[in-house]
Structures are given as structure tokens and as C-alpha cells.
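Take a look at the structure set out below.
The values are calculated or read from the model by the stated rules, or taken from the named source; none is laboratory data. Note that this is a predicted model, so its numbers are computed, not measured. No Cβ is skipped: glycine too gets one built from the backbone with ideal geometry, and neighbour counts run over all protein chains shown.
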Amino acid sequence: MAGSGRGPLFFPTAAPAAGPSVHVKPSDSGSVGSTPTMSWDPRRGPSAIQLDPAAVQAMSEVEIQRQVLEMLACLRRRPVQEVAAGAPHTDGTVAIDSMTAVWVIATVGKAFGRRLVRLSDVDRDSLRSVGSVSKLIKQTTASLSVMGAA
């Protein structure tokens with residue numbers, strides 16, 4: 001599977017030598033924590049997120065869901081397991097509010113150096129869960145790679 005076995009997509013830009021970190025352990029189901037550990041500087045929070053656009057394009061929708069959960073953990077400064085245990089949406093993935101969905105999409109868009117989507121053209125249901133945002137990111141980045149190849 002493309003993207004499997006790789007490290008997380010984002011890394012602290014300037015992690016302290018000895019600072020607090022969050023350790024993510026994969027669950028038994030394999031649905032959370034695609035990497036054995038993820039470190040980030042809680043003092044920098046989400047500003048420390050850096051994404052690799054090539055890795056995003058190579059990921060499956062499920063892998064993108066895992067990365068979105070890790071981004072949310074960083075944003076909320078909570079362990080991934082706690083974020084993943086949040087209230088489910090009707091699609092079975094974690095429910096999120098639209099402002100958080102917009103933040104995730106904008107953060108991914110920064111990695112590509114452009115806005116991924118025009119929000120006025122996005123169906124409201126695409127901004128309500130980790131699964132729907134991940135699907136939107138996958139569809140959008142797949143079309144970016146097709147446009148880049150043309």
C-alpha cells in the first residue's frame with residue numbers, strides 16, 4: 001500500500017532537546033496511530049505542523065484519516081487516542097466542526113502552496129467528520145497530481 005511504513009507527515013520545526021512529547025501507540029485494530037511515536041512541541045502546538053505533499057498524494061484515504069487525527073491531537077494538545085475516541089459522526093469517523101475541518105484543509109493546502117478547494121463549492125457534509133475531510137483531501141490531491149502530470 002502506498003505510504004505504508006512511512007513516518008508521520010508532519011514534524012516539529014524546532015523541537016526542544018528535552019521537552020514534553022506525546023507518544024502514540026498503535027491500537028489493536030490498527031485504526032489509530034500509523035506510527036509508533038509522534039513528537040511535537042506542545043508550546044508550539046499546531047504551528048509546528050509541516051506536511052510533505054508527495055507523501056499526502058501517495059496516501060490512501062485511511063492513511064490520511066490517521067494523519068488528520070494526529071493533526072487534531074496536535075491542535076487540541078491531546079493524545080491521539082483521546083481525539084480518536086471523540087463523538088462519532090454518522091459515517092463512523094470522529095465528528096468535527098466546520099472550522100476545524102477548514103483548518104485541516106488549509107494546513108494541507110499550505111503544503112501544496114495553494115488553496116486545495118474553494119469552500120463555497122464544497123458540500124457541507126464534507127466538513128463534518130474526519131472521514132469526509134480525508135475523502136475530500138484525497139480527491140483533491142489526486143486531481144492535483146493529475147493536473148501536474150498534464
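Give the number of residues within region 117-150 that are surrounded by 22 or more Cβ atoms within 10 Å (Cβ to Cβ) and without any contact (Cβ under 8 Å) to a residue 40 or more places away in the chain.
1
A quick yes/no check of all residues on (1) at pLDDT 90 or above; (2) more than 16 Å from Ser134 (Cβ to Cβ); (3) out of contact with any helix residue (DSSP H, G or I) (no Cβ under 6 Å at 6 or more places or on another chain):
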site: Ser31; (1), (2), (3): no, no, yes
site: Arg43; (1), (2), (3): no, yes, yes
site: Pro46; (1), (2), (3): no, yes, no
site: Met59; (1), (2), (3): yes, no, yes
site: Gln81; (1), (2), (3): yes, yes, yes
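Kindly provide the set of residues from region 97-106 that are of a type outside the set (Phe, Trp, Tyr), closer than 20 Å to Ala55 by Cβ and surrounded by fewer than 19 Cβ atoms within 10 Å (Cβ to Cβ), ordered by number.
Ala106
Looking at (1) within 21 Å of Gly45 (Cα to Cα); (2) among the aliphatic types (A, V, I, L, M); (3) in contact with an Asp or Glu (Cβ under 9 Å, 6 or more places away or on another chain), find the lone condition where Val68 falls short.
(3)
Results for (1) among the polar types (S, T, N, Q); (2) within 14 Å of the chain's Cα centre (by Cα); (3) modelled with pLDDT of 95 or more, shown as yes or no for each residue.
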site	(1), (2), (3)
Gly92	no, no, no
Ile96	no, yes, yes
Lys110	no, yes, no
Gly113	no, no, no
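Across region 107-116, which residue is surrounded by the fewest Cβ atoms within 10 Å (Cβ to Cβ) among those that are without any contact (Cβ under 8 Å) to a residue 60 or more places away in the chain and aliphatic (A, V, I, L, M)?
Leu116
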